[in-house]
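K.L.:
One structure is given below, represented as structure tokens, and several questions about it will come after.
The values are calculated or read from the model by the stated rules, or taken from the named source; none is laboratory data. All of these numbers come straight from a predicted model, not from anything done at the bench. Cβ coordinates were reconstructed from backbone atoms using ideal geometry, including for glycine residues, and neighbour counts include every protein chain displayed.
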Amino acid sequence: MTLTVLFCGDPLRPRLVDRHFAREAGAVRDHYGEIALIDHDALVRGDATAAVRAVPRDLGPAWYRGWMLTGDAYAALAEALRGRGTTLLTHPDDYRRAHELPGWHDTFAGITPASVWRPLSPGGDVGDLTDLVRPLRPGPAVVKDYVKSRKHEWEAACFVPEVKDAAALRAVVAEMVALQDEFLAGGVVVREFEEFDGAGESRVWWVDGEPVLVGPHPDSPGVEPEPDLMDVAPAVRALGCRFITTDLAQRRDGAWRVVEVGDGQVSDLPETVDPMDLYAHLPVPE
Ligand SMILES: Nc1ncnc2c1ncn2[C@@H]1O[C@H](COP(=O)(O)OP(=O)(O)O)[C@@H](O)[C@H]1O
Ligand SMILES: [Mg+2]
């Protein structure tokens, strides 16, 4: 069978691949793969049926490559595709487990900063976080939602100098929640801060438990660290998802730490990477 990938279409020119993914779609086509288009805007609107209208019927098993989707939106996409005879090769449960921190955190315990979390709806009241952060050691912390941080608003909405300072913690979390607004994913995460070397992260792409591409992180596309994957590989295999990424940073003491895990279908591929270095490793269904 051929490799089939569903890309997001361009919102203004719906018959074309979204410019952000055009290079990748070109690589799939160049190697005799098939592509089809998803209407991401329709999916976000909650209209999964409209989102898959351009997908040919009975296309068969396929990967998605596009913008991040909430766990619910991905499940709706999978359901709508099933109705047209297409199965997504990553199951919605696996998508959510890799995409949201509470899904992968415990599997990576010991190689990722210790974290606590609590569900919260967009615009919800943060409340008192004293009990929540009790398991964390005193000292600095990092705040995010289940998927994304406000790292560009580091002081106001991401970094907490002392996690046991209840008022300061609450202020930073409240600012993160306010800035995420309707896009707040899942709830609030608080993580112990660790001193990284500042050299830039490595994004490792895993397919069926194997590291198929060790590349730069999109925030530092020119940096090519060579992380030690000895402790990461067993955790990736234990998570049991077919296609994920791990972002790794080296701590000042030399240890390689998992900053975050992501679903490989929605992790950004830096422009400095040849897409074929990834797509050549995506399994084609039997
Ligand atoms: N526990 C931590 N200790 C130190 N720095 C962190 C920690 N968590 C995140 N960071 C820093 O903040 C950045 C953003 O955090 P990350 O979890 O990757 O969120 P995002 O999904 O927004 O990229 C990371 O790239 C890293 O530089
Ligand atoms: Mg990150």
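Yes or no, residue by residue, for (1) within 18 Å of the chain's Cα centre (by Cα); (2) at pLDDT 95 or above; (3) of a type in the set (A, V, I, L, M, F, W, C):
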{"position": "Pro138", "(1), (2), (3)": "no, yes, no"}
{"position": "Val147", "(1), (2), (3)": "yes, yes, yes"}
{"position": "Lys151", "(1), (2), (3)": "yes, yes, no"}
{"position": "Phe159", "(1), (2), (3)": "no, yes, yes"}
{"position": "Asp165", "(1), (2), (3)": "no, yes, no"}
{"position": "Ala171", "(1), (2), (3)": "no, yes, yes"}
{"position": "Ala178", "(1), (2), (3)": "no, yes, yes"}
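K.L.:
I've got another one for you. State the number of residues belonging to segment 3-12 that are out of contact with any His (no Cβ under 9 Å at 6 or more places or on another chain) and over 17 Å from Ala50 (Cβ atoms).
P.N.:
The qualifying residues number 2.
K.L.:
Among the numbered criteria (1) exposed (fewer than 12 other Cβ atoms within 10 Å of the Cβ); (2) in contact with a helix residue (DSSP H, G or I) (Cβ under 6 Å, 6 or more places away or on another chain), which single criterion is violated by Pro119?
P.N.:
Failed condition: (2).
K.L.:
Checking the conditions here, which among Val142, Val163, Val204 is touching a strand residue (DSSP E or B) at 6+ places or on another chain (Cβ under 6 Å), away from ligand 2 (no atom under 16 Å from the Cβ) and hydrophobic (A, V, I, L, M, F, W, C)? Let's see the steps before the verdict.
P.N.:
Numbers: Val142 fails: away from ligand 2 (no atom under 16 Å from the Cβ); Val204 fails: away from ligand 2 (no atom under 16 Å from the Cβ).
Exactly one residue qualifies, and that residue is Val163.
K.L.:
Condition first: farther than 20 Å from Ala78 by Cα and surrounded by fewer than 20 Cβ atoms within 10 Å (Cβ to Cβ). Now tell me which residues in segment 28-44 satisfy that.
P.N.:
Listed by number, the residues that qualify are Arg29, Asp30, His31, Tyr32, Gly33.
K.L.:
List pairs: first residue in segment 264-286 and in a loop (DSSP other than H, G, I, E, B), second residue of a type in the set (Ser, Thr, Tyr) anywhere in the structure, Cβ distance under 7 angstrom, at least six positions apart or on different chains.
P.N.:
Gly264/Thr245; Gln265/Tyr64; Gln265/Thr90; Ser267/Thr245; Val284/Thr2
K.L.:
Ok, one more. Looking only at segment 71-88, decide whether some residue is within 16 Å of ligand 2 (Cβ to nearest atom) and either farther than 19 Å from Cys241 by Cα or within 14 Å of the chain's Cα centre (by Cα) (or both).
P.N.:
no
K.L.:
Still on this structure: Working carefully through the options Val236, Val212, find the one that is assigned to a helix (DSSP H, G or I) and out of contact with any Lys or Arg (no Cβ under 6 Å at 6 or more places or on another chain).
P.N.:
Just a single option satisfies the conditions, and that option is Val236.
K.L.:
Here's something else I'd like to know. Based on what the data block shows, is Glu153 in a helix (DSSP H, G or I), outside the structural domain of Leu101 (by TED's automatic domain parsing) and within 15 Å of ligand 1 (Cβ to nearest atom)? Steps first, please.
P.N.:
Numbers: in a helix (DSSP H, G or I): yes; outside the structural domain of Leu101 (by TED's automatic domain parsing): yes; within 15 Å of ligand 1 (Cβ to nearest atom): yes.
When the stated conditions are applied, Glu153 passes them.
K.L.:
Then there's this: Check Ala114, Ala54, Ala98 and return the single one that is touching a strand residue (DSSP E or B) at 6+ places or on another chain (Cβ under 6 Å) and under 23 Å from Pro14 (Cβ atoms).
P.N.:
After ruling out the rest, the residue left standing is Ala54.
K.L.:
Would you confirm whether or not segment 87-102 contains a residue that is polar (S, T, N, Q), over 25 Å from Leu184 (Cα atoms) and in contact with a helix residue (DSSP H, G or I) (Cβ under 9 Å, 6 or more places away or on another chain)?
P.N.:
Checked segment 87-102: at least one residue is polar (S, T, N, Q), over 25 Å from Leu184 (Cα atoms) and in contact with a helix residue (DSSP H, G or I) (Cβ under 9 Å, 6 or more places away or on another chain).
K.L.:
Pick out the one residue from Gly60, Gly110, Gly83, Gly66 that is closer than 30 Å to Leu248 by Cα and surrounded by fewer than 21 Cβ atoms within 10 Å (Cβ to Cβ). It would help to see each step written out before you state the result.
P.N.:
Working: Gly60 fails: closer than 30 Å to Leu248 by Cα; Gly83 fails: closer than 30 Å to Leu248 by Cα; Gly66 fails: surrounded by fewer than 21 Cβ atoms within 10 Å (Cβ to Cβ).
Going through Gly60, Gly110, Gly83, Gly66 in turn, the sole match is Gly110.
K.L.:
When segment 38-75 is examined, which residues are found to be part of a helix (DSSP H, G or I) and of a type in the set (S, T, N, Q)?
P.N.:
Thr49
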